[in-house]
Each structure stands twice: as C-alpha cells, then as structure tokens.
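The values are calculated or read from the model by the stated rules, or taken from the named source; none is laboratory data. What you see is a predicted model, and the numbers here were worked out from it, not measured in a lab. Here the Cβ positions follow ideal geometry from the backbone for every residue, glycine too, while neighbour counts run over all protein chains shown. Ligands, DNA and RNA are stripped out before the accessible areas are found, and what is left, the full protein with its side chains, is counted by its heavy atoms. Shrake-Rupley method; radii C 1.70, N 1.55, O 1.52, S 1.80 Å.
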Amino acid sequence: MCGIAGIIHFSGEPVEAPALAAMLQRQHHRGPDDQGLFLEHHVGLGFVRLSILDLSPAGHQPMMSDDERYVLIFNGEIYNYLELKQQLLPHFTFRSHSDTEVLLNAYRHWGADCLHRFNGMFAFAIYDRHERTLFAARDRFGVKPFYYYQSGSCLVFASEIPPIFEYVQARRQALSPDDTSMYNYLMYGRTDLNGDTFVRQIKKLEHGHSMRVRGSQVQLTRWYDLASNLHTGWESPEEYYSVFESSVALRLRSDVPVGICLSGGLDSSSVASTLIKGLHKTDFYAFSAVYGDGLQGDESRFINEYKNQLDHLVYVRPTETTLLADFEELMRCHFEPFGGLSIYSQFKVMKDASRYLKVLMDGQGADEQLAGYVYFFGSFFRELLQSGQFGRLAQEWKAYYRNHRSLSALSYLAFYMAPNRLKAAATYWKAQFINGDFYREQSRQSTIHEALFSPKTLRQSLLQHFESKLEHNLKWNDLNSMYFSIELREPFLDYRLVEKTLASSTEMLMNKGTTKWILREAMRNRLPERIRTRQDKVGFENPADAWMRSSLFQRKAEEALADPAFVQSGYFDVKECRSRLKLHKDGRINIARDIWQWIETAHFLGKFSAKKTASPVVQHL
C-alpha cells in the first residue's frame, strides 16, 4: 500500500524536513500516488502512498484523528475494515472510506488491543501528540516490513533498509555487515531468522511485535504468538475451503483491479480456481513465468490448464539476457543479499505486471502452513519414530517413496536427529568456499540449528518456519512487488486459516505420502486434477545453472571474486571459489546458487565502502 518513515530525536531537537523527505524519496516506488510529512517538535513522520482503497484525498497520510490528538502512518491493508467500521460507527464520525481511518479509530477505541481484531497485513506508527509517545506494530506473520535504527540520540524507522542506511551513513555513524546473518546466508541460504538484518546496527521489528517509544525509552512487546493460538483444528476439507474462499474474497476488497500470480503449482492454482469456481470471476489478469518447454522450472503444461478459463493470461519470460538487463535494478530493489535466482523470476513477473495493474494475489505461505516442502517429511517421520508409531511410519514411508521416488526424506530425518556440530560439519562439506576460520567462529554463535533444523514433531517444524523462515519469503515478495508499485496479497496467510491448520492433526497435512492433504481434498472437483494430484514441488525455479554458465555471468562472477571488499571480508576461501566456478563452467557441478551468492555479496559489501552521494529531496509534499 505504501512506504512509511519516521525520525525521533531523543534530545528534543527538531526533525529537519529535507532529511525525512530524502528518506521518502529513496522509497518513492512504494507509493508514487501521493506523499506527505508531519513534523512537530522532535518527531517527524513521512508517507508515500499507493492508492488502493478510497482513491480520494480523504485517504491522505499522515492521517490525523478528528480530535487532532493522534497521527497515523500505515503500510498495508486491514481486510475486515468494513466489519470493524460498523462496530466503531456508534463512537466516531468517519470522513473517508479508507481502512486507514478505521485503523486509527480502532486504536483510539481499543488501544493496542485493536491489533487482535485486525485481519490483514500491516506495519504502522501512531504518534500521540498529547503524551508525546509513539506506538508502532507489525502484523502477525510479517507480511509488511518495519526496519529501525536506534542510537543514544535518535530512533529512525522505515519500510525498507536503504532510507535508514543512507540517513545514518550521511551522518557518519558506524555501519557494518552482520557476520552471523552472512554466515546463515552463505551456509544455509537462510535469512531473517530473528530481528537482525545484514546490517548489524539496523534491526527489524519482528512479526507479531509492537514498539512503544516514550522519551528515549524504546520498549518492544510481543502481541501475537502463534503457538498460543492453536486451539481447534479442521473438522473437514469443506470447512477448510469455506474459510479459504472467505480469505480470497476479503482480499478482493479494492478500488482498483486485483489480479494473481499463477505458477501452475497447487497453491496459486487454488487461488485461481477459487476465484473462477467459487467467486465466479474470470475477468482478472493472471501472470505466469515460463522458460520454454523442457527447461528447468518451466510449468507451462500446468499453467495452460487455465488457458480456456481465464480472459487474461499473461506469460512472462525471464532469461539470462533479461537478468543482465535488469541486474542493476534488481540490486537496487534488494539491498540485502537474497536466496537465489528464483527471486529474479518473481521480480520479472512484477515488472511486467506493473503495466496492467497494482494489486496481485499469490500462494505464499501455503507451504509453511500445509507442510509443502519435502523436508517436512523428515520431521513427520521423526515424530512417528519417536512416538512409537512404527506401523504408520512404515506405511507413510512406503507411500512417500511410491509418490516421490526419492530418499530425501530419510536424509532430512537423519539431519534433524544429528548433533548440531555434525549438522554444521555436514553443511560445511558442501560449502567449503567459506573461509575456515569464519566457519569455526560462527558455527559456535549461530542459533540456526535450534531455530530451524532440530524439530521433533511436524507441528514444531511448522511453528519454527512461521517464526524463523517464512519471513524471508515475505520480505522478497514485498520488495519485488513494491519496487514496481504493486501490492501483493496472501490469502493463505489469513490468520483464521493458519491457526486452525497448525492446530489440526498430522493426518490433515501428511497423508499417504502426500503433502497438503486437506487443501488437495478441499479443492477436489474445483481444481484441474493433474494439478491437484501432482507430487512435485517446483516453486519459482528457473534455468539458473545454464544462466550462470553464460559468458555474461561468468564475467560477473570473476569481477566479484576479484573485488577487494569480497576478498578482504574474511568470509570466503577465494581460491576454492575460483576452482568451483571453473567446475561449474565446465558442467561438472551445478552451483548457480553459490555463484549468485558471491556476486550478490560483493555488491552488498561495496555499499559500506562506497562514497555517500546526495539523495534528492522532495520539494513539494
């Protein structure tokens, strides 16, 4: 919906408008439709708007309450705002048709307890002009971002890291890479496990948390805990479908057209078929990444199931040539290193989709909720083994192998049950391009094994993913979409779905060697059968290994390995990197993900040594 930014000087010094305006300009792509500032005493709040609900000036932010006590900046959507507005009408007069005003009055009426009433995605800050306090909060699962920098003299926050980074860098304050974040990324391909970022001094407000600022005191509070909200599970697939359809319908609330991302997988196809068969809509745009028949990641044969069902099916074709052309934009979009080139496929989809509309839905969150990744079989089998359910374990293993023809589940079972030191050693064996000293130091400090790789039950594994893994996908979703001024909505992350699914028995998720059992059953006779019953998991894969063998990206990789910041970082065994790069080029190994990490890391490290250039300042707000 937008981008927000704020500065609070603990000393009482007034906030300078040009400094806050520069922060907004750095994230102008998040909200090209409108912008505004609020400056009072030691507080500055800024906003750039992507108009989705109530396109009139009445939805302008920062929004002030009618009694002029509270000032709100808000990024996201409250999907149940119409229902909440009915509850608030006896107490307030509304001047707009926006969910922003509903949020503001909900806070006035219920205080921080309003958070539990919201069904939506949000990151917002409300300033109380009487008490001179600020309250900020983030949604349950971290769909919308909130980053901040805190020193002894100020608090600075924004929807993205670059505005904060450049603000702090311009004032010659120390900024440095976070070694543990870099270790988790290079070793395991994982980011965003907690409140840390790749910049040691910049943090993020964690999902399900709120912040209260009074004077120079900043207090963080957890307002939502998923594990404490698992009460009753699903009774039947039809019950699941009823809530899922409701979730999709809520996310259609918009004053501009809403489209979808359609990958051909079970999750996004379930959204598409619910729109078509449940809500009787076919006039929406659907965007699909394709690469050519037979190429890695191409899902045309599944996407084409919708050819005769949709009025507007748009194919997007990412290639190594488009990747090179988009490289600088991609790096500007993603300040921090990201997981792999599947992120580029989504970036390209958003770039092309932005020519048509500015709201999309996708299937994000279904895998974490419904145990969609193959490694969830590892935690499922461990649960059956350690609880003595040997008969069921044998049956499920047999069915798993029949469906997948793979031993991966046993590998994950062994990995999860291994001591942490052995886990680290096994992973390092595959990632020996990492400097040995760096590995030994960080393997003692990282908590990633406890956070993600030691689940004893399937439910524990799912909870760990919502706590420590899902958010990096949500971050990439937000950055890719908002860079092109598109709001991305996630029907599977309706808290009503998530809570009841994770409270359900394992049979509702893993059944007869098949993942996502309840979704598959809920979509019976609604989804094309070849999609409903498919067992493979592709995601946003692409022909990255081939791309990284091209002369264009071989040259990019060589430049990264020669970069002084890369060489001197202490993160890499550069000689080993060069050896592996040649093996990949010769087709003897496939390490596109590693090569991309090297290119990205070199680019990221360069930000700390680059000379600061002046950011443009918004003249009219």
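When the convex hull of its Cα atoms is viewed from all sides, region 419-469 shows a mean projected area of 3.8 nm². When 412, 167 are compared by accessible surface with a 1.4 Å probe, the order from highest to lowest is 412, 167. Surface composition of the chain: carbon and sulfur make up 48 percent of the accessible area, probe 1.4 Å. Here the gap between residue 389 and residue 551, fully extended at 0.36 nm per residue and compared with their Cα-Cα distance, gives a gain of 53.0 nm. Each residue, residue 113 and residue 327, gets one label point 7 Å from its Cα in the Cβ direction; the gap between the two is 5.7 nm.
Can you bin region 335-391 into rounded, prolate or oblate? Criterion: square roots of the alpha carbon gyration tensor eigenvalues sorted a ≥ b ≥ c, rounded for a/c under 1.5, prolate for a/b above b/c, oblate for the rest. Cα axes put region 335-391 in the prolate bin. So if we plug the beta-carbon distance of residue 417 and residue 295 into 1/(1 + (r/R0)^6) with R0 = 60 Å, what FRET efficiency do we get, rounded to 0.05? Working from the Cβ atoms, E equals 0.95. Bridgeable aspartates and glutamates around residue 512 (alpha carbons under 17 Å apart, same-chain partners fewer than 8 residues away excluded): 383, 396, 521, 536. Ignoring lysines fewer than eight residues from residue 307 along the same chain, the ones with Cα atoms less than 17 angstrom from its Cα are 277, 281. Approximating the spin labels as points 7 Å out from Cα along Cα→Cβ, the residue 575-to-residue 66 distance works out to 7.5 nm. Using a ≥ b ≥ c from the Cα gyration tensor of region 44-200 (square roots of the eigenvalues), is it rounded, prolate or oblate, where a/c under 1.5 gives rounded and otherwise the larger of a/b and b/c decides, a/b for prolate? Judged from the Cα gyration tensor, region 44-200 comes out prolate (a/c at least 1.5, a/b above b/c).
Its convex hull of Cα atoms gives region 481-600 a direction-averaged projected area, equal to a quarter of the hull surface, of 12.5 nm². Normalised by 2.2 N^0.38 Å, where N counts its residues, the alpha-carbon radius of gyration of the chain equals 0.95.
Just the ratio, please: alpha-carbon radius of gyration of region 1-122 over 2.2 N^0.38 Å, N its number of residues. Dividing the Cα radius of gyration by 2.2 N^0.38 Å gives 1.07. A full extension of the chain between residue 91 and residue 170 corresponds to an added length of 23.9 nm, given 0.36 nm per residue minus the alpha carbon distance.
Between amide H atoms placed 1.01 Å from N, distances below 5 Å from residue 178 occur with 199, 200, all of them 5 or more places distant or on a separate chain. Our estimate of slack between residue 132 and residue 13, defined as 0.36 nm per intervening residue step minus the Cα-Cα distance, is 41.5 nm. A 1.4 Å probe over all protein chains sorts 439, 401 by accessible area into 401, 439, starting with the largest.
With a cut-off of 15 Å on the backbone N, the residues of region 214-249 near the modelled label site 7 Å out from residue 83 along Cα-Cβ are 242-249. Rolling a 1.4 Å probe over the heavy atoms of the protein chains gives the chain an accessible area of 38 Å² per residue.
Here the label points at residue 41 and residue 55, each 7 Å from Cα along the C-beta direction, are separated by 4.0 nm in the simple model. Which lysines does residue 607 reach when only Cα atoms under 30 Å apart count, and residues fewer than 8 places away in its own chain are ignored? Straight-distance partners of residue 607: 144, 203, 204, 348, 351, 430, 469, 475, 556, 575, 582, 585. Ranked by solvent-accessible area (1.4 Å probe, protein heavy atoms only, all chains present), the residues 168, 314 order from largest to smallest as 314, 168. Convex hull volume per residue, computed on the Cα atoms of region 514-556, equals 100 Å³. Charge dipole of the chain (Cα centre as origin; +1 on each Lys and Arg Cβ, -1 on each Asp and Glu Cβ, all else neutral): 1380 debye, rounded to the nearest 20.
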